[in-house]
Amino acid sequence: MIRGRPFGLEVRVGLGWVLSYLLIAATLMLWFGLPDVTQVHPAVRFVAVIAVPALLLPTVVAHELAHALTARRRGAAVETVDLRLVGVPVHGDMSGRDPVTEALVAIAGPAVSGSVGMAALVLAALAERVGSDEAALAAWVCTCIAAGNLLLAAISMYPGAPMDGGQLVHAIARRTTRDAATASRRAGAVGIAAGWAVMFLGLAIAVTVDSTAGLWLTLMGWFLGRASRLARGQEQLIRITAGLHVRDAIADDIGAVSPFLTLDTLLAQHQLAGGGPDVYPVGAHDAPVGVIDIRSLRGIPASQRKELRVADRMRPLESLRSVREDQELWDAVALLEQGRQGAVRVVATFDPGQLLGLVTRASVTRLLRSRRRPMPDDTLP
């Protein structure tokens, strides 16, 4: 994870984002092809090749910063920008803001990318007029940067979550209806329909024009449609957890298991208890040393379960993400989903070193059911 603090915002860059970015930069350079400039020194050509990803990077980051800075200007408390995938904003939930703010935040990133792309095109045209080999290299660099930004602006305006266009559609839906649930359903339906449209377009291209490009487009349509369905369920979950805090979902009725217990014995006790929770604390109940997820044990061969002990498969407590007891419940749910971990630690508000307990998927589900809040599809089991 790479971190920085431009404009007072903490920017977190994940490995997946970096790999996606480098792949896109390499694709652009191969697509346009390095110009045949035999009179230029090889070192100059090397600098030109390095310049494309080096100059494209800050423009792509600017896309996300535009979202965050616009949200902050409109009164949202945005402190971090979490970059995980190129073109997919993770700048915070705007569904609780007024539709105008949500729309402005959505179009801020594409507007910056589009402006940078058009400016780079102008610079490329001016460089082409010079006529020298060095100018041809500069024009090539500007063309790659222009294409990258214009492509980012176009893709991010796809009318489905989690793209900026999906957020804009959601803002329009909220503007035309006062019911948040209806707006969410309409925006989700548009995103899913757009995904199907991209899939059919990809199939048509695969049959009539280019099979490889068409299949990639079909796969992209499936991914975007699925993302829209998941985002719709996530927004529903945010809404039904509103007003609840982490302290409300602490799992305080789960018995701890011994680290020396064999896995087959643990599974047998789990089944005798009628299923029980999916995650058990390991060690003393008031001082656990880790957690063990029952679901991760089912793929282990039966012969190995008799030899392995809980300590061999448990997850150390310090490796779990933590939340404060006074945070909104959605913060804990998001960590459970993002990290694909079975539990998160709950610490005291004014003493982060004091462990109050664990929040698990089962404890969240039990809390919501006790409050008679129906669980949406495609969210916590």
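So how much slack lies between residue 34 and residue 201, counting 0.36 nm per residue of separation and subtracting their Cα-Cα distance, in nm?
Result for the pair: 57.0 nm of gain on full extension.
Need one word for region 117-237: rounded, prolate or oblate. Basis is the Cα gyration tensor (sqrt eigenvalues a ≥ b ≥ c); a/c below 1.5 gives rounded, then a/b vs b/c decides.
Oblate.
Taking R0 as 56 Å, what FRET efficiency do you get between residue 126 and residue 311 from their Cβ-Cβ distance, rounded to the nearest 0.05?
The computed FRET efficiency comes out at 0.25.
Mind checking which of 161, 77, 66 has the largest fluctuation in a GNM of the chain, springs on alpha carbons under 10 Å?
77
Assign unit charges at the C-beta atoms only (+1 for Lys and Arg, -1 for Asp and Glu), then state the dipole size of region 133-273 relative to its Cα centre in Debye, rounded to the nearest 20.
760
Given the whole protein assembly as supplied and a 1.4 Å probe, what does the accessible area of residue 34 come to in Å², nearest 10?
80
Mind ranking 330, 140 by accessible surface for me, highest first, 1.4 Å probe?
Result, largest first: 330, 140.
Quick one: if the Förster radius is 56 Å, what FRET efficiency do residue 239 and residue 46 give, using the C-beta to C-beta distance and rounding to 0.05?
After rounding to 0.05, the efficiency reads 0.60.
If the chain were replaced by its equivalent ellipsoid, with semi-axes equal to the square roots of 5 times the Cα gyration tensor eigenvalues, what would those be, largest first, whole Å?
Semi-axes, largest first: 45, 25, 22 Å.
With the full set of protein chains in place, find how many percent of the accessible area of region 212-305 is carbon and sulfur; take the probe as 1.4 Å.
59
What figure, in Å² to the nearest 10, do you get for the accessible area of residue 217 with a 1.4 Å probe and non-protein molecules left out?
The value for residue 217 is about 40 Å².
With every protein chain left in place, what is the accessible area of residue 150 in Å² (1.4 Å probe, nearest 10)?
Rounded to the nearest 10, the figure is 60 Å².
Filter the trypsin sites (Lys or Arg not before Pro) in region 321-360 down to the DSSP loop ones having no more than 11 other Cβ atoms within 10 Å, then list what survives.
Here the sparse-neighbourhood loop sites are 340.
Please identify which residues in region 319-336 have an amide N closer than 20 Å to a label point set 7 Å out from the Cα of residue 77, following the Cα→Cβ vector.
Answer for region 319-336: 322-335.
The values are calculated or read from the model by the stated rules, or taken from the named source; none is laboratory data. Predicted model only: the values in this text are computed from it and were never measured. Because the Cβ atoms are built from the backbone with ideal geometry, glycine has one as well, and the counts that use them run over all protein chains shown. In case anyone asks, the SASA skips ligands and DNA or RNA and just uses the protein heavy atoms, side chains included. Shrake-Rupley method; radii C 1.70, N 1.55, O 1.52, S 1.80 Å.
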